[in-house]
Amino acid sequence: MNIGLIAHDDKKNASLQNLCIAYRSVLAKHTLYATGTSGRLVEEATGLNVRKYLAGHVGGVQQMGSQIETE
């Protein structure tokens, strides 16, 4: 399964990282996608491989949306 991870700046450091730490064993079985900063933070906190787009504020959210739209 493909899983997209996007978080508002206020939620990245705590909520998104904690979610990914708690569900690391589940997430490890899937392909993860994220905007640049979110993806980097998840990788650092969990060691999971995340396919990263641009940072959200420079088009990463649009890149993810486009991929979802075309698949």
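The values are calculated or read from the model by the stated rules, or taken from the named source; none is laboratory data. For clarity, every value in this text was computed on a predicted model and none was experimentally measured. Every residue, glycine among them, receives a Cβ derived from its backbone with ideal geometry; neighbour counts consider all protein chains shown. The protein model used for the area step is the full one, side chains on, heavy atoms only, and it has no ligands, DNA or RNA in it. Shrake-Rupley method; radii C 1.70, N 1.55, O 1.52, S 1.80 Å.
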Next on the checklist: Quick check: the angle from helix 60-70's long axis to the longest principal axis of the chain, C-alpha only, nearest 10 degrees?
Outcome noted: 70
Checklist entry - Sorting H57, H8 by accessible area (1.4 Å probe), largest first, what list results? => result H57, H8
Checklist entry - If R0 is 22 Å, what FRET efficiency do you get for H57 and S15 from their C-beta distance, rounded to 0.05? => result 0.75
Checklist entry - Once label points are set 7 Å from the Cα along Cα→Cβ at both R24 and I3, what is their separation, rounded to one decimal in nm? => result 1.3
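With 16 Å as the cut-off, how large is the P(r) tail for the chain, expressed as percent of Cα-Cα pairs?
Counting pairs separated by more than 16 Å, the tail of P(r) holds 41 percent.
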Item to check | 5 angstrom amide H check on G4, placed H, neighbours 5+ away | outcome: Y33
Item to check | Estimated FRET transfer efficiency (S66, A45; beta-carbon r; R0 25 Å; 0.05) | outcome: 0.40
Checklist entry - What size of dipole, in debye to the nearest 20, comes out for the chain about its Cα centre when the only charges are +1 on Lys and Arg C-beta atoms and -1 on Asp and Glu C-beta atoms? => result 200
Next on the checklist: Rounding to the nearest 10 and keeping the result within 0 to 90°, find how far the Cα-based axis of helix 36-46 lies from the longest principal axis of the chain.
Outcome noted: 20
Checklist entry - For I3, what accessible area in Å² do you get when you roll a 1.4 Å probe over the heavy atoms of the protein chains, rounding to the nearest 10? => result 40
